[in-house]
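Quick notes on the structure that follows.
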Amino acid sequence: ALCLMCTWGKGASCCERTGRTEEEEKRKHRSSHRALSVLVWKLVSKEWVMGVGFVSNVHLGAVGGGRAAIGQRSGIKSARVGLTRVRVNMGVDGGASSDGPRPVCPVLMGSASDMSRCEAIGKALGEFGIDAELRIASAHKVPERLLEVIRAYEEDPRPKVYIAVAGRSNALSGVLDCATTAPVISCPPYSDAFGGADLFSSIRMPGGVAPSLVLDPAGAALMAAKILGVSNPAVRDAVAALQRRNRDRLYIDDGEATSKRFVPMIQSRIKSGEIMTQTDLKDAIGASEKRSGKVRDQYVVGDQLVLVTTDRQSAFDRVLAAIPFKGQVLNMTSAWWFRNTEHIVPNHVQSIPHPYVTVAKKCSPFPVEFVVRGYITGSTSTSLWTNYNKGVRNYCGIDFPDGLIKNQKLDENVLTPTTKEDYGDENISPADIISKGLMSKEDFDVCAKAAMELFAYGQKVASEHGLILVDTKYEFGKDENGTIRLIDEIHTPDSSRFWLAPTYDKRMAEGKNPENVDKEFLRLWFQDNCDPYKDEKLPEAPEDLVTELARRYIMLFQTITWEDFDASATPPTADAIKKALKKH
């Protein structure tokens, strides 16, 4: 008896405007507005959402400004109803909580021939933490039994949404909707018979009958979850997680697709040998000193450093291979992160004159690498998982509990420093760093705080782009003014571990390693084919492996930065670099 469609007028209520009694108003609107009334009523009733109690003998008819007030027993704060839009704001009084009854979706089918479709719906509902109860009860053949099943569910206090699966003449969803106070979703199987005309029995319903129609089984489960999620935070979070996975999958798929176009260029550089593994620029740029690291060649020019990132691929403290475009990817990825983290800590970058080159402010580096981890994983001798798997429970001064499994997320991000190779390249606790005089407490605290904030920011950006930043390392130094600056590189596929977010949960449940887009799979190949720590000579990495790693590096650059990778940029030759530096 609730009048909902007549509230768009002005001034007085319906009764006052028309002169009719309340009962006359009820009779007038009962037929013409029943379908909308039923739908909106279900959206606010106790039976399935808010637990607020039914409203009886309340007339919603305040026409002025489209506003309507309802008695306190309804738990509804306000309702605004217009010709083309209905918006209901529901209060939280008495609302269901995540600690309340577990939601359920009775999935009713007309016959066992629809079982596979219903099982698909049930599986999708399970991903949202919603119980699916499959029942067979034909509205045509056993209507009495159908009504008995419905009555039992109506007496069940669990929050619920019904899903009806019936083809041909779909009486099931209509009868179900008329007999229940909870929402009904119709998900009929599609048939090509009679040109798909069966579908019209699900689309066209009598007045006052309002089941929704969703043809895809997973879509029906999603709609049910969204409805139940109005009052159940756990279900709502599960819906958000699904949407996030779908979003992330598109980001990763786009990265995969766009990076594949670079494969011919990668293969061309492998064949032509246009790969930068060594540089000799000391005399050409007037450098006073040259230092070569595992990947970068560093030239000292006055109070500046010229850092050339080569295509050398290192792991296990040695060079494993040469990867086309790698130097450009690392240099330009770092440049992007350096620009976007200046609000956290100053860095050493002054300019990027060439895709492989960074001109930086000269700093005195601390002999410590600040390794931050969000997951327990790794394959090297210093990694957290390698040590944990050997029984180590105190790692870098942090006590880890028993029972952790490889690749699982830690309860919180942890700082696990290592000394640089000149000091042994070993895991070390913060207390030992200070007691051994490697850093002062003040300097360590500044760097540790910056490292944790950089990692948290990196995780946030990665998660927004379909990736998981698993762990990474940072290096810091002091300039001539005593300012601590971030140096070397940041969040590159060399210094960091990245996993694909869309498949992480599924692969963990299956006991598989997460999909990665860093150099980990190259590490694993060498571990399977040699002893990279002891063998004097290592096997040559296969060309297809080198090509795939180069493609993954480019994919990671584009996925993180959402910028196009310029493979036609200035080539990695000594002459090109000299020319760029001279112009700089």
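Tabulated data for the structure shown
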quantity: Space enclosed by the convex hull of the alpha-carbon atoms of the stretch 98-210, per residue, Å³; calculated: 100 Å³
quantity: Translational diffusion of the stretch 160-293, µm² s⁻¹ [Kirkwood Rh, Cα pairs; Stokes-Einstein; 37 °C; 0.692 mPa s]; calculated: 161 µm²/s
quantity: Built amide H within the under 5 Å cut-off of ALA315, gap 5+; calculated: LEU320
quantity: Projected area, mean over directions - the stretch 327-391, Cα convex hull, nm²; calculated: 6.3 nm²
quantity: Exceeding the 21 Å Cα-Cα cut-off - candidates LYS123/LYS160; LYS282/LYS361; LYS409/LYS441; LYS390/LYS420; LYS420/LYS537; LYS441/LYS473; calculated: LYS409/LYS441; LYS390/LYS420; LYS420/LYS537
quantity: Orientation-averaged projected area, Cα convex hull of the stretch 265-359 (nm²); calculated: 7.3 nm²
quantity: Part-to-part distance (alpha-carbon centres) for the stretch 107-130 and the stretch 336-395, which is given in Å; calculated: 48 Å
quantity: Cut-off 10 Å between beta-carbons: net charge of the residues surrounding PRO103, Lys and Arg +1, Asp and Glu -1; calculated: +2
quantity: Dimensions in Å of the stretch 297-413 - Rg and Dmax from alpha carbons; calculated: 18.0, 53
quantity: Label zone at LEU250 (point 7 Å along Cα-to-Cβ), backbone N below 19 Å, the stretch 467-490; calculated: 467-468
quantity: Separation in nanometres of the label points that stand 7 Å from Cα toward Cβ, at GLU154 and LYS409; calculated: 4.3 nm
quantity: Accessible-area composition of the stretch 140-277, carbon plus sulfur, in percent [1.4 Å probe]; calculated: 58 percent
quantity: Label-point separation, PHE200 to SER116 (7 Å along Cα→Cβ), nm; calculated: 2.9 nm
quantity: Sequence-separation-based contact order of the stretch 465-584, relative, with Cα cut under 8 Å and 6+ spacing, percent; calculated: 18 percent
quantity: Carbon and sulfur %, accessible surface of the stretch 290-330 computed with the full protein complex present, 1.4 Å; calculated: 46 percent
quantity: Amide H within-cut-off set for SER292, under 5 Å, with H built and near neighbours excluded; calculated: GLN298
quantity: For ARG135, residues with placed amide H under 5 Å, excluding near neighbours; calculated: VAL107, LEU108, MET109
quantity: The stretch 403-417 residues near the modelled ALA509 label - backbone nitrogen below 20 Å, point 7 Å along Cα→Cβ; calculated: 405-410
quantity: Estimated FRET transfer efficiency when R0 is 25 angstrom, pair HIS584-THR483 (beta carbons, to 0.05); calculated: 0.60
quantity: Over the stretch 394-498, equivalent-ellipsoid semi-axes from the Cα gyration tensor in Å; calculated: 24, 19, 12
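The values are calculated or read from the model by the stated rules, or taken from the named source; none is laboratory data. On a predicted model such as this, the values are computed, not experimentally measured, just so you know. Note that we place each Cβ from the backbone using ideal geometry, even for glycine, and neighbour counts take in every protein chain shown. To get the accessible areas, we keep the full protein, side chains included, count just its heavy atoms, and leave off ligands, DNA and RNA. Shrake-Rupley method; radii C 1.70, N 1.55, O 1.52, S 1.80 Å.
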